[in-house]
Every structure is written in structure tokens, then in C-alpha cells.
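Presented below is the structure to which this report refers.
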Amino acid sequence: MSQPLRVVGVSGSPTHPSHTTVLVDEVAHAYAEAMGGISRTIRCCPS
């Protein structure tokens, strides 16, 4: 049996937090759902 499609969204940068994390989450989730996969979002931001 094959593995489900994994969709990964990445938001932010090493120097500034993202203003579009919600959009990245929604797009990754919608695409994964349409393709029968799973989604995950990685948030990169300064500490």
C-alpha cells in the first residue's frame, strides 16, 4: 500500500515572522485534502 501524499507549507523567514501563515495553512490543507493526502505547515520566525 502506498503512503499518502504529504504537502508541506513553509511560512516566515529567519528574520521576520510571516503575515500569511493562515493562508499557507489553508492552501496546504486544501490541496492535501483534494489529493487525499495530509498537510503540515512549518513556521520559520526569529526567536
His16-Cys45 pseudo-label distance in nm [points 7 Å out on the Cα-to-Cβ vector]: 1.4
Reported label for calculated Cα extents along the principal axes in Å given (i) 27, 25, 19; (ii) 33, 18, 17; (iii) 41, 18, 9: (iii)
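We did not get these values from a lab; they are worked out from the coordinates using the rules stated. All values derive from a computational prediction rather than experimental measurement. Because the Cβ atoms are built from the backbone with ideal geometry, glycine has one as well, and the counts that use them run over all protein chains shown.
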